[in-house]
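Enquirer: Starting off with a structure, shown below.
The values are calculated or read from the model by the stated rules, or taken from the named source; none is laboratory data. Quick caveat: nothing in here was measured; it's all calculated off a predicted structure. Counting neighbours? That spans all protein chains shown, and the Cβs are built from the backbone with ideal geometry, glycine included. For accessibility, only protein heavy atoms count, side chains too; no ligands or nucleic acids. Shrake-Rupley method; radii C 1.70, N 1.55, O 1.52, S 1.80 Å.
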Amino acid sequence: MSKPTPISGFPEWTTAQRMIEQFVLDRIRATFELYGFAPLETRSVEPLDQLLRKGETSKEVYLLRRLQADADGPAGDDALGLHFDLTVPFARYVLENAGKLQFPFRRYQIQKVWRGERPQEGRYREFLQADIDIVDRDSLPAHYEAEMPLVIGDALRSLPIPPVRIQVNNRKICEGFYRGIGLTDPEAALRAVDKLDKLGPAKVADLLAETAGASEAQAKACLALAEISAPDASFADAVRALGVSDPLLEEGIAELTAVVETAAAHAPGLCVADLRIARGLDYYTGTVYETQMIGYERFGSICSGGRYDNLASAGSVRFPGVGISIGVTRMLGLLFGAEALSVSRSVPTCVLVAVTAEEDRAASDAVAAALRSRGVPTEVSPSAAKFGKQIRYAERRGIPYVWFPGADGDEVKDIRSGEQVAAAAGEWTPPRADLKPLVGPAGTGA
């Protein structure tokens with residue numbers, strides 16, 4: 001077999017990187033559960049009509065098809081696609097199981113998603129997301145929109161990563177403002193403004209004229225709104241200073257003020273009101289979020305989401321919700337690329353039990369079993385080589401301790417310091433810092 005060619009956009013981490021990822025997922029999961037979110041996993045495929053019904057997603061969806069058609073197989077397989085986010089499948093799940101759920105329904109979901117994007121640094125075609133959503137029946141109080149940044153702030157602060165800043169806006173502000181200046185297609189205007197970072201003001205102004213029918217003055221007003229940014233509720237004064245009035249605009253200002261003030265009370269500096277944040281998906285109807293990692297702003301958001309009122313509905317019954325998603329693979333890919341994270345060893349093993357002779361391997365196995373029974377990650381040496389060779393094997397793998405069984409009593413050696421002491425497998429415990437690999441910023445000794 002010839003050497004395989006890597007497929008771009010489908011990352012495969014090293015074992016050390018995977019251990020860092022697992023650590024990150026455990027911390028995120030723990031925070032989600034502290035806030036009362038329950039775990040959920042949905043299927044990987046959805047009907048295409050569901051995946052394509054909201055927003056600019058048709059170029060991103062991967063189809064699911066058999067290599068060879070099966071006339072006797074299940075119908076409809078050619079109309080299935082891999083999900084590109086976790087919000088659309090979650091909305092479908094709520095509709096299918098509404099009679100079994102207790103509302104408001106709080107869930108977290110950590111799964112792979114697939115998106116047909118052009119692979120580049122921090123952007124992948126297969127990646128892991130960690131989502132939280134809160135859904136209610138008929139109506140959802142706005143205070144849940146203020147809760148989302150608190151959860152994400154706590155989750156990301158629990159990780160050894162650079163500080164983050166959550167940029168928040170409210171689609172009602174934008175839509176109300178656009179209506180107030182006379183635009184008849186607010187959604188087209190939102191999609192145009194969402195491209196500001198990619199295209200710049202001049203091209204967005206052209207796009208507003210082309211897709212939303214904006215005059216030169218209307219386009220200028222849209223760009224003036226998008227320039228407003230503040231770390232506190234003063235953004236409201238800047239919006240009102242533009243001289244536009246609309247009931248939906250005022251509703252959005254009130255809701256965004258609550259989000260910013262709640263976040264400031266919980267974690268000063270966590271949130272900033274940034275009115276250029278629009279989010280390109282059409283299903284958002286209220287607060288929207290994007291999160292930048294300080295020092296990595298040029299790569300865009302690592303965590304985003306928003307309020308949606310109409311994504312899940314059955315007849316006259318609606319299930320409005322609000323959610324936010326951490327792009328785990330995106331975040332880690334950027335940090336791995338910068339060599340900004342490290343792990344103290346590349347294997348979970350804390351102790352290597354040496355083998356004095358192959359006929360004595362059973363004694364080493366018994367020591368390992370005793371250590372594992374008390375939660376000490378342990379492996380047995382692969383061969384009964386000279387002890388020096390077994391120690392070098394442990395060094396190469398980053399294993400901190402080597403255990404030597406003996407007829408007159410066992411000893412354990414810290415191969416970093418050289419200290420060797422008598423020990424009993426039913427009693428000895430390594431220092432807490434050595435029990436599991438430590439994850440931290442590069443250069444901290446983790």
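Enquirer: Going through Arg330, Arg361 one at a time, which residue ends up being buried (at least 20 other Cβ atoms within 10 Å of the Cβ) and farther than 16 Å from Leu438 by Cα?
Expert: Details: Arg361 fails: buried (at least 20 other Cβ atoms within 10 Å of the Cβ).
Step by step, each of Arg330, Arg361 is checked, and only Arg330 is buried (at least 20 other Cβ atoms within 10 Å of the Cβ) and farther than 16 Å from Leu438 by Cα.
Enquirer: Can you tell me which residue among Ala366, Ala385, Ala354 is farther than 30 Å from Phe10 by Cβ, surrounded by 12 or more Cβ atoms within 10 Å (Cβ to Cβ), among the small types (Gly, Ala, Ser) and touching a strand residue (DSSP E or B) at 6+ places or on another chain (Cβ under 8 Å)?
Expert: On the way: Ala366 fails: touching a strand residue (DSSP E or B) at 6+ places or on another chain (Cβ under 8 Å); Ala385 fails: touching a strand residue (DSSP E or B) at 6+ places or on another chain (Cβ under 8 Å).
Testing whether each residue is farther than 30 Å from Phe10 by Cβ, surrounded by 12 or more Cβ atoms within 10 Å (Cβ to Cβ), among the small types (Gly, Ala, Ser) and touching a strand residue (DSSP E or B) at 6+ places or on another chain (Cβ under 8 Å) leaves just Ala354.
Enquirer: Ok, one more. Within the stretch 180-244, which helices (runs of 4 or more DSSP H) (wholly inside it) include 3 or more residues that are open to solvent by less than 30 Å² (accessible area, probe 1.4 Å)? Steps first, please.
Expert: Values: elements: 186-193, 196-199, 201-212, 216-226, 235-240.
In the stretch 180-244, 186-193, 201-212, 216-226, 235-240 are the helices (runs of 4 or more DSSP H) which contain 3 or more residues that are open to solvent by less than 30 Å² (accessible area, probe 1.4 Å).
Enquirer: Quick test for you: out of Ala254, Ala258, pick the one residue that is without any contact (Cβ under 8 Å) to a residue 24 or more places away in the chain, hydrophobic (A, V, I, L, M, F, W, C) and out of contact with any Leu (no Cβ under 6 Å at 6 or more places or on another chain).
Expert: Going through Ala254, Ala258 in turn, just one is without any contact (Cβ under 8 Å) to a residue 24 or more places away in the chain, hydrophobic (A, V, I, L, M, F, W, C) and out of contact with any Leu (no Cβ under 6 Å at 6 or more places or on another chain): Ala254.
Enquirer: Moving to a separate point now. Kindly list, by first and then second residue, each pair from a residue in the stretch 117-141 that is within 15 Å of Leu332 (Cβ to Cβ) and charged (D, E, K, R) to a residue that is modelled with pLDDT under 85 and in a loop (DSSP other than H, G, I, E, B), limited to pairs with Cβ atoms under 7 Å and residues at least 6 apart or on different chains.
Expert: Note: pairs meeting the criteria are Arg123/Glu117.
Enquirer: Consider Gly55 carefully, then state whether it is at pLDDT 85 or above and not polar (S, T, N, Q).
Expert: On the way: at pLDDT 85 or above: no; not polar (S, T, N, Q): yes.
So Gly55 does not fit the description; no.
Enquirer: Please go through the stretch 127-159 and give me each residue that is assigned to a helix (DSSP H, G or I) and more than 27 Å from Arg18 (Cβ to Cβ), ordered by number. Give the derivation first.
Expert: Taking the stretch 127-159 as the starting set, the residues that turn out to be assigned to a helix (DSSP H, G or I) are 143-157.
The answer is His143, Tyr144, Glu145, Ala146, Glu147, Met148, Pro149, Leu150.
Enquirer: Counting only residues that are among the charged types (D, E, K, R) and either part of a helix (DSSP H, G or I) or free of Cβ contacts under 8 Å to residues at least 12 places away in the same chain (or both), which one in the stretch 388-427 is farthest from Thr378 (Cα to Cα)? Walk me through how you get there before you give the answer.
Expert: Just the residues of the stretch 388-427 that are among the charged types (D, E, K, R), to begin with: 389, 392, 395-397, 408, 410-411, 413-414, 416, 419, 427.
From what's left, either part of a helix (DSSP H, G or I) or free of Cβ contacts under 8 Å to residues at least 12 places away in the same chain (or both): 389, 392, 395-397, 408, 419, 427.
Working: Lys389: 18, Arg392: 16, Glu395: 15, Arg396: 16, Arg397: 13, Asp408: 22, Glu419: 19, Glu427: 15 Å.
Per the criteria, the residue is Asp408.
Enquirer: Testing Gly333 on (1) at pLDDT 95 or above; (2) in a loop (DSSP other than H, G, I, E, B), one condition comes back false. Which one is that?
Expert: Condition (2) is where Gly333 drops out.
Enquirer: Follow-up. Does at least one position in the stretch 408-430 carry a residue that is under 30 Å from Arg27 (Cα atoms), surrounded by 17 or more Cβ atoms within 10 Å (Cβ to Cβ) and of a type in the set (Ser, Thr, Tyr)?
Expert: No; the residues of the stretch 408-430 include none that is under 30 Å from Arg27 (Cα atoms), surrounded by 17 or more Cβ atoms within 10 Å (Cβ to Cβ) and of a type in the set (Ser, Thr, Tyr).
Enquirer: Just name the residue that is farthest from Lys172 (Cα to Cα) out of those in the stretch 295-314 that are part of a loop (DSSP other than H, G, I, E, B) and open to solvent by 10 Å² or more (accessible area, probe 1.4 Å). Explain how you work it out, then say what you get.
Expert: So in the stretch 295-314, the residues part of a loop (DSSP other than H, G, I, E, B) come out as 295-296, 300-302, 309-312.
Applying the additional criterion that residues be open to solvent by 10 Å² or more (accessible area, probe 1.4 Å) yields 295-296, 300-301, 309-310.
Values: Gly295: 30, Tyr296: 29, Gly300: 23, Ser301: 21, Asp309: 12, Asn310: 14 Å.
Per the criteria, the residue is Gly295.
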